[in-house]
Every structure is written in C-alpha cells, then in structure tokens.
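Participant: Below: one structure in structure tokens.
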Amino acid sequence: MSSLLVDNIGELVTNGAGEGPLGIRRNAAVLVEEGRVVWVGPSAYAPAADRRLDAGGAAVLPGFVDSHAHLVFAGDRAAEFAARMAGQPYTGGGIRTTVGATRAATDNELRATVRRLRGEALRQGTTTMEIKSGYGLTVADEARSLRIAAESSTETTFLGAHVVPAEYADRPDDYVSLVCGPMLAAATPYAKWVDVFCERGAFDVDHARAILACGQAAGLGVRIHANQLGPGAGVRLGVELDAASVDHCTHLSDADVDALAGTAHSDGSGTRTVATLLPGAEFSTRSPYPDARRLLDAGVTVALATDCNPGSSYTSSMPFCVALAVREMRMTPAEAVWAATAGGARALRRDDIGVLIPGARADLVVLDAPSYLHLAYRPGVPLIRQVMRNGVTP
Ligand code: NIG
Ligand code: FE
C-alpha cells in the first residue's frame, strides 16, 4: 500500500477540528493512503511515507464541491447573453432553444461537452460535480443525458421537469404524467437525485410536489430549483419533502427563511435542507443577488455552486463564485469557502468530501497563494496550482 505525505502546508483548511469555522491548521501535513486521508497534523510530526508532495508553504483546502451544474447540452446561447446585457430580462424561455440543440446532437457530441466542462472545472479545483439532465425532455433524451452524465459523476440528477417542452405546451398535466411514468423509469438507473424547476413559466408547486414524490418513491433523493425569478412556495415544499437542497433562494419571504432555519418545526429541531446559492446566475442575468447574510444570520446551512449551464450561468468556476459571494452577497471569505466545500457536501448529503480529516477522501487543492483568503481577494486569477482527487492527480 503506497502512502503520500502532502507536507509543508502553510495554511490547511480542514473544515474539521482547528482554528475558526474552517478548522485551520498551520504548518501542517496530510497523510494519504488508498485515496483517503489517514492522518492530519503538524508537519514537524508527520509520519514517514513512500512519497512526498511539498506544498511549499502554500494554502491547501478540500476540493470544491459543486452541487449544481447542467453539463449535458449542445450549442450555446451567447446571443441571448448579449441581448440581456443590452437590457433584455432573463425568463428561462431560452431553455427550449438548448433543448432543440441537445435533441439534435449525437451522444459523442454531448459526451465531449460534458468532458470539456468537467475538465475545466477540475482545473479550477472542483473535485466533485453534480450533473443534471434537463435539456432532453423526451424519455430517450433524458435517459441518454443521464447515462452520459453518469460517465463523469456519481452525483447525477434527473431534471425531466426543467420546463414543459413545446410539444406539450397546451397539456402540461400530460407532460407531468410522462415525467412521473416512463421518463422516470428510464432515468432511474442512471440518477441519484430528482429535481424540478418550480417557478412561474416552468412547474407550479402542485406539479413539483407530484414529480418529487414520484422520484422519492423510486428511490431518488430530492432537490429543487426554487424562488429564483420570483417568490413562491417552492422553498417551503423542498423543506417539507426533506430535500437535500433548495437551490437559488433569491426571492425569500420570512416564512421561507424560517422553514430553512428549522424554526418552523414544533420540536425546535433544525431542517437538514441546505440553501444552495448560485451567484453566477445573478451575475449572468444581471439580477439582484440572494441575501446570503439573512440566511446565515438565521442559522441556515448555505452552499455555493456554479449552476453551470449555457443560459443563465455559463461558468464552471467555483473560485469565481466564492469571489462573487464575498463581494456581492456579504459572505465572509471563510463562509464562502466553507459553503463551496463542506456546504456543497451537505447539499449532496455526503460526509466523505468537503473536509480534510481522517477517513475523508483525499480530494484537495493546493493554491498558488498563502491563504484561502486569496480566492476572493484575487478574483479571476488562476490560483489552483494542483488538484488531487482520491489521492491522485487526475
Ligand atoms: O438553474 N433555473 C433553471 N435552470 C437553469 C437555467 C437553464 C437555462 O437557462 O438554460 C438555472 O438557472
Ligand atoms: Fe440550475
């Protein structure tokens, strides 16, 4: 069994025991065996190992956990972006444009896009990436989207309920039946999660409830896109169904925040549902950012993710999202880094990632910087010097 010592770490973010909310250790080392962290401690007391990686005094943190991305699509919507920057609002209507291009693409074209974006994200420090379907919207196209997604991630999400496709525009109930019936059956072998875009222009709360309940009954975990473009009952539905995450959370009432914070439970216990914020979407749609401060101050668990997709957020960069969250959403750098690592892991109900503690996966990044603070302090700069996943450099 070969061991690797990552040594001479100036600042180690563990998200476990250590200084402050990030569990920081200084002058630290991490011992890795068989893809797992087996020891964390001071460099001076590090055990012997077969190989050594010298971090040169740099910062090391858990690999980013991007818990929300739409990578299986064809074409792009650069012209739609340009129109938005000239004043057009974002409505989600462009999703159907991508559906048309995705249906027309070959498996290999879709596979190439997923691999390109997954590679892009990896080079920016993302060691776990959730991948959704949702641009196929036929039984065959949703199944192949998930089959291709599953080649690149174990965190795959069935989003047959992204929008009602044009051919079902005047009979949305029939589309919901299709999603809950043959489409779910074809998707389930390749999916871990079920998701619904619960929003005006997409699915209302009754349809969302029906679809999420079917997915749950088929053994999938629940997540939901909610309260992105306007207020609604989607966030509360997510909490009620014990969703792992409600994503976007841009337009929230006090009742939504209370539900997320768990104060709505009569026994006072907290909810397990995470609020995943996607600042790349507000950036790229020129919309007001979610109020992260209000959620954090209420005790809600917050994650950050990219929402990488060709319409509302065509970025694969978690460092960019961290910088946006700090500058635009009043998160502290420590809160943002926690949300992009341990927060993402909570949003996927995983305890083996997002932390660097004994037993965790050896998924980590070495920064070209002495501190995690530089991720927000030096926006747009490629600070990821090295990425390790399962103890190896991919
Ligand atoms: O998360 N909200 C719905 N889905 C995506 C947007 C998809 C698109 O515009 O193509 C989102 O923002
Ligand atoms: Fe999304």
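Participant: What is the set of long-range amide H partners of residue 276 at a cut-off below 5 Å, with H atoms built 1.01 Å from backbone N?
Facilitator: 246, 247, 248, 303
Participant: Show me, for the range 40-52, the HN-Hα J-couplings you get by feeding each phi into the Karplus relation (A = 6.51, B = -1.76, C = 1.60, θ = phi - 60°), rounded to Hz, glycine and proline as x.
Facilitator: Using θ = phi - 60°, the values come out as 9, x, x, 3, 4, 10, 5, x, 5, 8, 5, 9, 9 Hz.
Participant: Can you classify the range 22-165 as rounded, prolate or oblate using the Cα gyration tensor, where a ≥ b ≥ c are the square roots of its eigenvalues, rounded means a/c under 1.5, and otherwise it's prolate if a/b beats b/c and oblate if not?
Facilitator: Details: a/c = 3.27, a/b = 2.19, b/c = 1.50.
Cα axes put the range 22-165 in the prolate bin.
Participant: Which angle from 0 to 90°, rounded to the nearest 10, does the C-alpha axis of helix 95-104 make with the longest principal axis of the chain?
Facilitator: 90 degrees
Participant: List the cysteines of the chain that have no other Cys Cβ closer than 4.7 Å: which are they?
Facilitator: When partners are defined as cysteine Cβ atoms under 4.7 Å apart, the chain leaves 198, 249, 308, 321 without one.
Participant: So, counting K/R as plus one and D/E as minus one, what does the shell of residues with Cβ under 15 Å around residue 331 add up to?
Facilitator: Working: positive: 293, 294, 327, 330; negative: 282, 291, 297, 328, 335.
Neighbourhood net charge equals -1.
Participant: Still on this structure, please answer the following. Report, in deg cm²/dmol and to the nearest 500, the calculated mean residue ellipticity at 222 nm for the chain, where each DSSP H run with n ≥ 4 adds -39500 (n - 2.57) and the sum is divided by the residue count.
Facilitator: Values: 15 runs with 125 residues, N = 394.
Mean residue ellipticity at 222 nm (helix-derived): -8500 deg cm²/dmol.
Participant: Relative to the longest principal axis of the C-alpha atoms of the chain, give the angle of the C-alpha long axis of helix 107-123, reported between 0 and 90° and rounded to the nearest 10°.
Facilitator: Compared with the principal axis, the helix lies near 40 degrees.
Participant: Can you work out the base-10 log of I(q)/I(0) for the chain at q = 0.07 1/Å, using the Debye formula on its C-alpha atoms alone?
Facilitator: Log10 I(q)/I(0), no solvent term: -0.30.
Participant: Let me know the shape class of the range 253-385, please: from the alpha-carbon gyration tensor, a ≥ b ≥ c as square roots of the eigenvalues, rounded when a/c is under 1.5, otherwise prolate if a/b is greater than b/c, or oblate. Walk me through the numbers on the way to the answer.
Facilitator: Working: a/c = 1.91, a/b = 1.26, b/c = 1.52.
It is oblate, given that a/c is not under 1.5 and a/b is not larger than b/c.
Participant: 5 Å is the cut-off here: which amide hydrogens, built 1.01 Å from N in the peptide plane, fall below it relative to residue 218, excluding neighbours closer than 5 in sequence?
Facilitator: Excluding prolines and chain starts, which carry no amide H, there are no hits.
Participant: So, one more: Quick one: net charge of residue 29's neighbours, Cβ under 12 Å, K/R +1, D/E -1?
Facilitator: Details: positive: 25, 26, 52; negative: 7, 54.
Taking every other residue near residue 29 into account, the sum is +1.
Participant: Taking amide H positions as placed in the peptide plane 1.01 Å from N, state which residues far from residue 39 in sequence (5 or more) or on other chains have amide H under 5 Å from it.
Facilitator: Here 31 satisfy the definition.
Each reported figure results from applying straightforward, stated rules to the coordinates on display, with no laboratory input. The structure displayed is predicted, hence computed values, not measured ones. Heads up, the Cβs are rebuilt from the backbone with ideal geometry, glycines too, and the neighbour counts pull from every protein chain shown.
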